[in-house]
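Student: My structure is below; once you've seen it, I'll send some questions.
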Amino acid sequence: MSELKKYFHRFGYLQIPQENFTDVFDDDFESAIVNYQKKLGLIVTGKLDTSTVTQIISPRCGPRWGRSAHLTLKYAFSNSHMINYLSTWDVQDAFRRSFSRWASVIPFNFTETDDYSSADIKIGFHKGDHGDGEPFDGVLGVLAHAFSPENGRLHLDEAETWAVDFKSTKSKVAVDLESVATHEIGHILGLAHSSVKDAIMYPSLNPRTKKVDLKIDDVEGIQALYGSNRNFHYNSLMESDLSWGWVVTSSLNWWLTYLVFVWFVL
C-alpha cells in the first residue's frame, strides 16, 4: 500500500506525510483514488478496483511535457552530487545515449547544459534521505527515482556500484548506469511502469545486466503521449517484438504481486 501511495504522490494526488507512507488504507489515500478516478474518467469507487489498477500499470497514464509539436529539454548534472569512480565523461556519455534513444522515437531534442539551476532535467547521485521525500535504501533495492513532468528531478542512489563497462567493474552487485538512465528518463517524460518484462519501463533490473533498447511497449507508450518522430522506423528487433505480441494482465492479484519486485521507483 505504501508503494501505491508513493505512486499517487508522484502524480500529484497525495501530499507527503510528516512521517513515511504507511500500508494503511486511510481517508487521504481514498480521496487520492477518488480524484484519480475522476480525472481519468473511471467509475468513482474510491477503491482499488480492477479498472483503476489497470490504469495504474498502464505505461500511458502519466502527464507530459508541454503541448508543442516539437520540444527541446535541457538537462544538467549536479556539481555537488556526482560519483568519483566514474569519469564525468563516462556518466555524460551514458546519459547522452539514453536520451538519444527516446529522442529517436518522439519529436524531442535533449541538450546538455552547464547551468544546473535553469535545466529542465536535473541529474544527481544521492544517498539515503536526501530531502525529496523518497529516501534511498542502500545497495540494490531502489536504484534510482525520477519525478513526473514537469518536475524534472532524476536521482540515482549513490550507494550503488555504478558501471559503464562490466569488464572493468567486477563487483557482483554492479548496476549498469545506461540501463537505469534510460528507464528513469522514461519516467521523466511521463511513463509509468510496464508489465512487459522485456520493456525498458519494467520495474526491475538484475545486477550486472545491460538493458538499454526500447521495446514496442515503450515506444507505443511514449508515442501515445507525444506522437512519433517523423524519422522513426521500426527496426528488425522491434518488428520481432510485434510478431510475438504482448499480454498485459489487469488483475488486482497480479498488481499486488508486482509490488514485491525490486522497484526502480517512479
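Student: From the backbone phi of the stretch 95-101, what are the Karplus-calculated ³J(HN,Hα) couplings (6.51 cos²θ - 1.76 cosθ + 1.60, θ = phi - 60°) in whole Hz, Gly and Pro given as x?
Tutor: Listing the rounded values in order: 5, 4, 5, 5, 4, 5, 5 Hz.
Student: For Lys167, list the aspartates and glutamates whose Cα falls under 12 Å from its own Cα; do not include residues on the same chain fewer than 8 positions away.
Tutor: Correct list for Lys167: Asp176.
Student: At a Förster distance of 45 Å, what's the computed FRET efficiency of Ser228 paired with His130, Cβ-Cβ distance as r, to 0.05?
Tutor: For R0 = 45 Å, the calculated efficiency reads 0.80.
Student: Roughly how many Å is it from the Cα centre of the stretch 126-166 to that of the stretch 12-27, as a whole number?
Tutor: After rounding, the separation between the Cα centres reads 21 Å.
Student: In the structure shown, do any of Lys5/Lys122; Lys47/Lys215; Lys127/Lys197; Lys38/Lys211; Lys74/Lys170; Lys6/Lys47 have a Cα-Cα gap over 26 Å, and if so which?
Tutor: Lys47/Lys215; Lys127/Lys197; Lys38/Lys211; Lys74/Lys170
Student: Obtain the nm distance between the two label points defined at Thr111 and Lys47 by a simple spin-label model: each point lies 7 Å from its Cα along the Cα-to-C-beta direction.
Tutor: 5.3 nm
Student: If I stretch the segment between Glu158 and Leu71 completely, what's the gain in nm (0.36 nm per residue apart, minus their alpha carbon distance), one decimal?
Tutor: Residue separation times 0.36 nm, minus the Cα-Cα distance, leaves 28.3 nm.
Student: Turning to a different aspect of this structure: Can you list residues whose amide H is under 5 Å from Arg208's amide H, if they're 5+ apart or on another chain and H is modeled 1.01 Å from N?
Tutor: It is Ala174, Val175, Asp176, by chain and number.
Student: Can you sort Asp27, Asp217, Asp132 by how many other beta carbons sit within 10 Å, fewest first?
Tutor: Ranking Asp27, Asp217, Asp132 by Cβ neighbours within 10 Å, fewest first, gives Asp27, Asp132, Asp217.
Student: I would also like to ask the following. For a footprinting-style exposure proxy, rank Arg97, Arg230 by other Cβ within 10 Å, fewest first.
Tutor: In order of increasing Cβ crowding within 10 Å: Arg230, Arg97.
Student: Subtract the Cα-Cα distance of Ser78 and Asn20 from 0.36 nm times their separation in residues, and report this length gain in nm to one decimal.
Tutor: 18.2 nm
Student: Further question on the same structure: Please give the charge dipole size of the stretch 71-244, origin at the Cα centre, charges +1 on K and R Cβ atoms and -1 on D and E Cβ atoms. Round to the nearest 20 debye.
Tutor: Dipole magnitude for the stretch 71-244 comes out near 380 debye.
All of the numbers you see were taken from the coordinates with simple rules; none came from a lab. Since the structure is predicted, the reported quantities are computational estimates derived from the model, not experimental observations. Note that we place each Cβ from the backbone using ideal geometry, even for glycine, and neighbour counts take in every protein chain shown.
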